[in-house]
Every structure is written in structure tokens, then in C-alpha cells.
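This report concerns only the one structure given below.
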4 protein chains.
Amino acid sequence: MSIRVGIVGISGFGGGEAMRLVAGHPSFELVYAAGEGSAGSRLAERFPGVPARLAGLVIEKWDPAALPKLDLLFASLPTGTSAEALARVPKTVKIVDIGGDHRYVDGWAYGLADVWPAEIEGRTRIANPGCFPAATLTALAPLLSDRLIEPGSIIIDAKTGISGAGRGGADSRFGYAESNENLLPYGLLRHTHMPEMARTIERLGGGSAAGLVFTPHLVPMTRGVLATIYCRGRATTGECLEAARRFYAGRAFVRVTEAPPQTKWATGSNLAFVSYAADPERELVIAMSVVDNLGKGAAGQAVQNANLICGLPETAGLEGAPVWP
Amino acid sequence: MSIRVGIVGISGFGGGEAMRLVAGHPSFELVYAAGEGSAGSRLAERFPGVPARLAGLVIEKWDPAALPKLDLLFASLPTGTSAEALARVPKTVKIVDIGGDHRYVDGWAYGLADVWPAEIEGRTRIANPGCFPAATLTALAPLLSDRLIEPGSIIIDAKTGISGAGRGGADSRFGYAESNENLLPYGLLRHTHMPEMARTIERLGGGSAAGLVFTPHLVPMTRGVLATIYCRGRATTGECLEAARRFYAGRAFVRVTEAPPQTKWATGSNLAFVSYAADPERELVIAMSVVDNLGKGAAGQAVQNANLICGLPETAGLEGAPVWP
Amino acid sequence: MSIRVGIVGISGFGGGEAMRLVAGHPSFELVYAAGEGSAGSRLAERFPGVPARLAGLVIEKWDPAALPKLDLLFASLPTGTSAEALARVPKTVKIVDIGGDHRYVDGWAYGLADVWPAEIEGRTRIANPGCFPAATLTALAPLLSDRLIEPGSIIIDAKTGISGAGRGGADSRFGYAESNENLLPYGLLRHTHMPEMARTIERLGGGSAAGLVFTPHLVPMTRGVLATIYCRGRATTGECLEAARRFYAGRAFVRVTEAPPQTKWATGSNLAFVSYAADPERELVIAMSVVDNLGKGAAGQAVQNANLICGLPETAGLEGAPVWP
Amino acid sequence: MSIRVGIVGISGFGGGEAMRLVAGHPSFELVYAAGEGSAGSRLAERFPGVPARLAGLVIEKWDPAALPKLDLLFASLPTGTSAEALARVPKTVKIVDIGGDHRYVDGWAYGLADVWPAEIEGRTRIANPGCFPAATLTALAPLLSDRLIEPGSIIIDAKTGISGAGRGGADSRFGYAESNENLLPYGLLRHTHMPEMARTIERLGGGSAAGLVFTPHLVPMTRGVLATIYCRGRATTGECLEAARRFYAGRAFVRVTEAPPQTKWATGSNLAFVSYAADPERELVIAMSVVDNLGKGAAGQAVQNANLICGLPETAGLEGAPVWP
């Protein structure tokens, strides 16, 4: 029996990727789509390659009072707007919020699905992690869990493709001509993902993450996040790899590799790749992690969370290999 | 019951995409992979994101005398090498040759699946069209079939992403630094795809294609082919669109659009998008077509052909929406 | 003695390139800059790499009544706005209008500097050709001049980098994530550059260009225009090359090459590269031309025109080799 | 009077950029070019946009015994080959070695021109810094000089465009299709630039740099290096900026900016942009630096060094504004 799914925020990149994954999901049926910029259009006008059975679905203006019967709603709205937008969704509708408003908010589970799947099962309100936390925490969790690094010593140098800046932004800084062949750090010492990361690091590692340093960079590519993370610790490379292999044993979406990971390995998939390089003499551990910011960093993780709360196999609809090259 | 599938040429881009599609196919089981550059590696070393059940498959050196039991073989070898490489494959193994050696060769059906599916069903040796013919002929077939254009008047200005040049080429011209921000025509008046296109145009349109003009261009992007085709004809835009809608009615993979098609609409899919703009006063018809050169232009079309010759639904394993953005 | 130069439209890509060329020009002194989006900023805030002597120049809001003493003004304003904006500039100020409003307008010379330099010298109002005409006409002029092709047979398939769409456009279609890995035709049968091209073709060739076909394409790169032009004619490749070498003998900025030209050859320069491939049996001549849309297609050509009207060497400030790779 | 210049390694990216800069230099005359891959070609065959006066120069096979009369030689050879290749160049020929073999070698000055110009003047053998050291040390020098950071605490997260991998590499990893949309760390804990950086940090800062951490990343763009550097120190952002402004007061090529620098600011120029963000409470200083890896990171710096050893103005031939966008 299929699960009736809605998506709000379908005009954006995260909503579009959610649409793609829902369309290919064996148990989900997309029955409702809402989006500011494309309300009134049929789905095929917005996404010319959408499967034929969905082509005629008309995109609505979001109105929680006028929803059709839904089992599940994916929300991909700009941070700052989803709290209000989702407040009046009926309690019978499960929600996975890809946006930022419900992370570490009462009543919402933090959907770091590869680390804490048991906390997600059985819930009805899931706050999806941000793309940077998704990448970063996946690499750090085994090290923190095994006390291989000091929680207060973490420096995250993160790099994201430009779809991470969202689609709405009609800003010439994100225009092709200005973004191409350009690379820059931004949001130094005050990115919105920091509190979420600090809090999760503390939960994982039993120590204060007050010293957390996080520097995001914008890279001229569409998709992909790479986090290069510098920590203090005495473990060897082998011990770090072993910790990660143990931590993620039997888990479907995290791959531990000896070679440094590359963003293209993950494109279009829900996979995360983690690797480590350590120098015990210098008490240095470098953790590296790659995700697709729209996959594991957004819609892929959201579908994984939806599978968990719907009692489906965790991997349903997420088994496709990455697109390469 | 699953169909036992092999891929030869898995190190290249076409073979890699075939692997991705076979891995996600509901009736195919990948049991054999061969490739020059990666023989001896496990599949997961070459493709770190490959599904876990395939990770341990060891890539072999191609040896038709040492094949395991196979039902179906995809070959993606450099043009000029597949005729010999495939000559000794047992007759019981169905073959779809993505390479160029068997197009319009006795005993091999020309696998233009959206146009002549009936000629493919029941066969065991299929020569997949080249990526340029796949794009071009899909747009032209309805016009030629309805005699809306003169077969002798066709000028094809085609543009391809750089994966179309293949992977083997360890040529600095295809290196990132020299290809990025660069656009060029090549192979003027003598591209290898010309005879195949001329012959097919003649079959479709009842007239000589001796005047065919074809100019390919290399565009700084990884995937995608766009053909812009100039023809003499008196049809209106509406008549061309209508002819295409009729021609492809009920067909799964060709989308007729009023807006000019964009390569990104097709990325990662087996879709072709065709559109037309005509000016009867000038007796001009412009046909446009977009495909993913590794999808409809190679591995997608190959899987569609394999479905047809294996008696499976034509769309099996090919229903995923394109990756966007 | 230096020439006092102003630029209006300095926030855009054309204006920015004019600034770069003026800054490096041996006889020009930039004394005035105006721009909608950046009025009030110092030049170094907008262009962090500007030479130190210009860093403090404050960008003004355009007001023709409040100009400082100027000898020469470059205008790079959106088409449709420059006619009014420039109407009240004092007659003593020479103007080169990079925008589209004054092409083939009374009192303004059409600045196709490599073809008709003598018509430009001594004038005070120059309308710079558009980037597509600059590329196209440079390749066609020798053929038309020698009557090697039929003026009524010309089909122009043109491709431009995305800076050609301008900077102002806060349109997500030109955003990196949507433009990257995307290629599309646009403006079919009705691009704004067509009348200008048809008129110039007629002046060059002595026949009607009513049949002109022009299809522009947007290519995922920042800079560069390539025109591939299909014409009816009986000349050989050698005759076309020879005609071009003769036509441009002694001219500094047009290079005639045997190999098909590549956009990267021209990046950052005022050069145009033209080449030809012909098949007399099919009465086919293919002309190809490459320019940097911001160089020969905009600011480079503008400086060349300015040199001509200021009595300077035509190549002053334009002698730099292209940036490669 | 012009200085007679030769370039060896002109087929590579560094040699090509040296050619561009020499061609535009007011006092340099290019009289000799040698290169493995292009020996026997005229310069215009290799570089179609080369100024006309240089077009006919024939590229030679390198032979130090058969040099014409030269005043100055730029060498841009693969690391490991220049020591031998340059050993027999006559002492009367000044050499700037862009390659890696002569850094911190007896008899060769280390050409960090913005930091130690006085050590370069009057010398005849200059070892140009690598592109990563050029970026990194420029940002660190003021902090180390003023003892604002601990030399043992430095973590360098560096990112380079793909031209940094050189041209020779006929390696499909650097091919467009595999490099585009891909981002990766490499050479962890053992990059060849490390000893050079550690040694220079020690000279600048009076303490051991044994703890130096350096992680380079390959970014899908042609040109540009960005270094994001994490250090322990108690300075404020303002104090760091002020130290850099003081350190580089009167110096032409280093710009200190309050906004985080972007690689596109430097494209095609010899500029370096440095900025800082500090949090004294966490004893954290982040230094950032941007250069064009072929400009300040190679050929631009080389010309600056050549100016210094030839007694020319340091900025000769290097005054052009960066190419944008």
C-alpha cells in the first residue's frame, strides 16, 4: 500500500531533489506539491523530465488548511520560515523538515539517521540536519564515540557546491559568470550551522565543543560537500579507520575508505564517504567526509528519515549508485 | 528470475554508466565485468559508491573464452576494437554493443529503440546508435516520416559534453585546465558518425542524404548532447510539434516540448527532448534535440534495447527522473 | 598628453572590462566612473584588484549634467536605456556606446573596426557592434566582399558564454547551479542582433540577407563567442582562407587559422580568430569565428574604436596576449 | 635597452604564462623558447594569440650548449628535472627557476619577493616559491614577524585550481569529465611544498614549525589558490589587519582586505589578497590568502623577481588589472 506524500518548497533545489527521490520510491506516491515560485504550473513545466504519471500534478500555493489527505510531508523551505509554515499541519501527517527551523526544538527528533536511527523510528516530526553537519558529524561520530579526539579541539574547514546557497537567491554573486572560476570562504566564525554542530558534538563526545571552529567555503561546482576536519588526538590512521568501520558496520549509507574521499563519488546518492589521516606524534587527526549536499545533505537523508518513521526498509528508494562522471 | 549480465569496457564512461543502470535494474544481475584499465580491481575500488552487493566483484581482463554463464553482455569498447573483441562471444549470449563497430553490419540490428522498436524485439545482436545520431535522428524521424523536410537539405550543428570524447584519451586537450572555458568545433566534414546518420536519414525519409552537413562541437560540460538542425521545409512550428507528438505517442522516452530543450533536462536519464521552430516563409525548419550522451546516447539506450530483446518492459530500470540541478 | 576618460555602466561586465582596458592603456586616464549598482563605492570596493592609483575613485550615479571635463566616454548600459542616457552628453565628449541603442542610427558610425576602420576615424559617436555580430561579420566580411557566398543563404549557429547575458539579470536561470552543465538554444528566429547583422551583410555583400537564420546558444562558460556559419558557395577551403588573409592583411586583431578556432584562444584579448571549411561539390562553405564577448565583442572593440577616433595607434592598450589556460 | 629573455618549459602552463608576461613587458624581448612537447613549432602554433612580432619564433629543444645570447632565463620545468637542466647555463645568464629544484639550495636566493625584496636584488640565481608557499607565506609573514601567532600551531588548508597539477600529466584524473564537479584532498601529511614552508615559517617567526599541518585540495577551476590558515594567537582581527597593512605598506602586489578574499580577484595578475579573522577568546587567528597559481604563484612572481635582479621597477610588466569575470 502506498504512502501519500506531499512536498512543500518544490521550487527550490532541496524540494526538487525530494521530488526526484519520491518519484523513484517504491512505496511513496506524490499527491501534493507546493511552491512559491511555481504555483499554478504543472510539475512537467517545472521539471521537464518528471515521470509521465506525475507530469500533470499542479503545483499549489502552500496552505496547510487546504491539504489533501497526506501521510507524509517533506518541507524544504528557507530557514526562518518553516516553523510558522508547518505549525498548522495536522498531527496525523508525518513531517520531515529539510529546513533549519526545527533542529534541536522540542518535539522534533534530530534526524542524523546514520548515527542515531533508533531515536528516529517511531517519531512523527523529524528535523533533518544541515548539509555541513551531515558531512561533518558523520566523520566525527566514531572518533568522538571512542574518545579518540578532544571535543574542544575541532577545526572544520568545509567546502560546498553552489546549490548549497539555495535557488531563491537572485543574487549575481551566485550567477554563473561570477561564481565560475571563483572560490571563497564566507560566514567566518558565525555560520548558522555552528550551534547545531556544537550541540551534536557534545552529545557524541562527552565534552564541551565551545572551541569549535567552522569555516565554510563556496566552490565552483553544483553539488557536493567536503569537510576537512582537524582534531587533537593520539590515534593512528588505522585506529580511526577501524573505529569508523565498527561504528558503521551494517549501516547502508556510510562508506569508510582509505583514500581521501572525492565529492563526485557521492553525486546524486545518499552516501557519505569518510576517511582519516593521523599523525600521533603531532597528536593530529584529520577526518574527511564527503556527501552530496542535496542527497545525504538534504533530500536523501530526508527520505532515509521518512523510511525510518514509516516503518519501511531504511534503504527504500535510495539504492541507486551515484552518477559518474 | 534475474538475467545474468556482463559488461566489457567497464573502465570507460559508457561502461561505468551501464554498470550504474544494471545495478539499479529490477531484472538484471551483474555477474561479470571486464575492463582494460582496471582489471584486477574490485568494483568498489573503481566505483566507490557501487551498491554493497556488487562491491566485491573483481574486474577481469576481457577473454571471451573464459566467460561465466551470461544471458546478456553490454560492450562499451573503443570504436575499431569491438568487432574483434566480440567475435567469439557464444551465440547464446545476447549482446548490445554500445561502441561503433556493428552499426549497419549484417546480423546486427540498429538499435534506434524509440523509432524502430519492432526491429529490435526478438534479436540477439544490437548495435547501439552513436550519441550524435541518437540525438539527431530522434528529432528528425517524425519530420522525415511525414515528409515535412527535404532529406538532402539537412545541416546538423551538434554540441557535446567532454565525456563524449571518452575516458581513455590521456590527452591534455581534454584536461580540465584546457577544456574548461573552451568551446570548439572539430572533425569538420568528416566525423565518423556521418555514414550512420546519412543511412538512417535515407531509411526514414525516402530520399538521398548525400548533402548531409554535420559539425560537432566540444562544450565545457561533462554530459549532454544538443543538436540544432537546419532543414528546408514548408511546415509550421505547430505542424512539426504535432508530427512529433503523433510519432512518439505512447512512447516512454521522447518528450516533445514547445520550449527549446536544455541538456540539463536529461542528465542521468534515458530521455530525449525534441522541439521545433519553423518559418514557412523562409522554408526553414529548425529541429532541436537533447540527450544525455551517456544515457540515451549510450548506456540508457543500451538498457532500453536490452529490455526489448529480453522481453522485459521497455522502461525497466530506466524510470528515474533526471538529476537536477 | 593623456585623454580624460569616463565609463558609465561600470557595474556590469562590459563596463568592468572597459575599466580594465582603460586602466592599462598608455594614453587614457580614467577620471570618472558611473554605475547604478555600485554608486557611492570606491573603485577598489567593486574591483579589489584595480591598480592602486585608481583605487580611490568614487563611483557616481550617472548624471550627464554633472560630468567632469571628459574627452571620451565609454557607455555600457542595458539595451533600451543608452539612447536616453547619452542624449545630453556634451558634443565635445567623444562617445563609444557598447550597448545596442545606437547601431545604425543617424549620426553614429557602426564600429566594425576591423572591416571599416576608415569610416570610424574622425567621428565622435560610435556604436559598437554586438558580440554576435562582431564574431559573425568578421568571418563573413571577406567571403561577402569577394562574392564567395550567397548573402541570402546564411545560417548562423552561435554560441556564447554566460557573461553575454549580462550581470544585472538577477535571474536564477543564470545562476551557477542551473547554468553549469547546461546548454541551450534561445531566442529562436527573433534575436535582437538580427537586424544589425542582416543590414551589415547587405552592405558587405551586395545582396538581400532577408533569409538570414540566426540561432544563439548559451554555453556553460564565462567568456567566449563561437559562430559556426553555414553558407552556399562554390569556393574551396583554400580560397576562403586566402580571401580572409588578403582582406585582413596588415590588420592587427584578426587571425586567420587553418585549424578550427577555439574560444580560449581569445580570452581576455581583442582578437578574433576566423577559419573556413568548404566542400565545393555540395556548394557548402562553413565559416567559423571566435571572439571574447567582453573583448572584441564589447570593451576591446570599444577601445579599438576609441583609439581610431582619438587619433591613437589602433592597437594602443590592446596588445596583451590572451590569458591561457 | 631591452633585455634578451629566454624561456625553457614553454609547453607547460607556467611557461605559457611567463611567455604572456614577457610578451607584454616593456623591457623584455623574448628571443628564445624551448619546450619538450612543442619543439619545432612556431610560437603561434602553440599560442595562436601570441603578438604578431613573436609569432614566427621557433620553439627549440632545450640545449644549454646552444643558447643564443641571453640576459635572462625563465625556467619552468617539472620538479626533479631543473637542477640538471640548468646546471650548464652560462653564469652570465640570470635565471629565475619557477620549478622546485633550487628552493633553499646554496647559491640560489628564495624569491619571496613581497617579503624579502632586498635579498633578491643583486642576485643572479632565484628560486621562485611554489604556489602554495606563495599564498601561505604572504598571509603569515606579518603575523609571524609581529609574533602574533605561534609558529608551531599552524594548520594550512589549501585549495588549488587544476592547472596547479601541471599540463604534462596525461592523467584521466585531471581530465575534464572526472575533474569537473569534483573536489578532493590529496597528498595528506606529505606534500612536497612542506619543507619549503616550514623553513620559511621558521625564518619569519623565530620558532619551530615542526608541527606544521598542510592539506592541499584540488578544486574544479583552472586557476587560483586559496589558503585558509588556522593558528593559535591572541591578536584581534583588527590587530592582524593592521600588522599586514604595516608590513606591506608601500608594496605593490599585496592587498589587505577586510572581506574574505576570493580567487577570482587575482585571476591573471601578480596580486595576492590577504585577510584575517580572529577570536582572541579562543586564541584563534584565521589567516586567508588568495593568489593566481600561475601569477603570484608562478610566472608573475618570476617576473617580479626578474625585475628585481635586472634593476627594473618591481612592477614593470605586471601592472595589468585582473581579468574579471
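The values are calculated or read from the model by the stated rules, or taken from the named source; none is laboratory data. Since this is a predicted model, take the numbers as computed values, not measurements. No Cβ is skipped: glycine too gets one built from the backbone with ideal geometry, and neighbour counts run over all protein chains shown.
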Positions within the stretch B:224-238 being touching a strand residue (DSSP E or B) at 6+ places or on another chain (Cβ under 8 Å) and not β-branched (Val, Ile, Thr), in sequence order:
B:224, B:226, B:227, B:230, B:231, B:232, B:233, B:235
Restricting attention to the stretch B:95-108, which residues are farther than 20 Å from residue B:35 by Cβ and of a type outside the set (Ser, Thr, Tyr)?
B:103, B:105, B:106, B:107, B:108
I'm checking my understanding of the structure. Among residues of the stretch D:164-185 that are touching a Pro at 6+ places or on another chain (Cβ under 6 Å) and either more than 14 Å from chain B (Cβ to nearest Cβ) or assigned to a helix (DSSP H, G or I) (or both), which one is surrounded by the fewest Cβ atoms within 10 Å (Cβ to Cβ)?
D:178
Every residue from the stretch B:136-163 that is within 11 Å of chain C (Cβ to nearest Cβ) and of a type in the set (Asp, Glu):
B:157
Looking at (1) part of a loop (DSSP other than H, G, I, E, B); (2) of a type outside the set (A, V, I, L, M); (3) modelled with pLDDT of 95 or more, find the lone condition where residue B:138 falls short.
(1)
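Considering only the stretch C:210-232, state which residues are over 30 Å from residue B:222 (Cα atoms) and either surrounded by 24 or more Cβ atoms within 10 Å (Cβ to Cβ) or touching a helix residue (DSSP H, G or I) at 6+ places or on another chain (Cβ under 6 Å) (or both). Steps first, please.
Keep residues of the stretch C:210-232 that are over 30 Å from residue B:222 (Cα atoms), which gives C:210-212, C:231-232.
Answer for the stretch C:210-232, where residues must be over 30 Å from residue B:222 (Cα atoms) and either surrounded by 24 or more Cβ atoms within 10 Å (Cβ to Cβ) or touching a helix residue (DSSP H, G or I) at 6+ places or on another chain (Cβ under 6 Å) (or both): C:211, C:212, C:231, C:232.
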State whether one or more residues within the stretch B:261-270 are surrounded by fewer than 24 Cβ atoms within 10 Å (Cβ to Cβ) and either more than 18 Å from the chain's Cα centre (by Cα) or among the β-branched types (Val, Ile, Thr) (or both).
no
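Before we move on, is residue D:86 closer than 19 Å to residue D:7 by Cα and touching a Phe, Trp or Tyr at 6+ places or on another chain (Cβ under 9 Å)?
no
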Expected single match for touching a residue at least 60 places away in the same chain (Cβ under 8 Å) and farther than 22 Å from residue B:124 by Cα among B:15, B:37 is B:37
Could you figure out which of (1) free of Cβ contacts under 8 Å to residues at least 24 places away in the same chain; (2) over 13 Å from residue A:31 (Cα atoms) isn't true of residue A:77?
(1)
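Restricted to the stretch C:111-120, and to residues that are farther than 15 Å from residue C:298 by Cβ and touching a residue at least 24 places away in the same chain (Cβ under 8 Å), which residue is surrounded by the fewest Cβ atoms within 10 Å (Cβ to Cβ)?
So in the stretch C:111-120, the residues farther than 15 Å from residue C:298 by Cβ come out as C:115-120.
Retained after the next criterion (residues that are touching a residue at least 24 places away in the same chain (Cβ under 8 Å)): C:115, C:117, C:120.
Working: C:115: 24, C:117: 16, C:120: 22.
Result: C:117.
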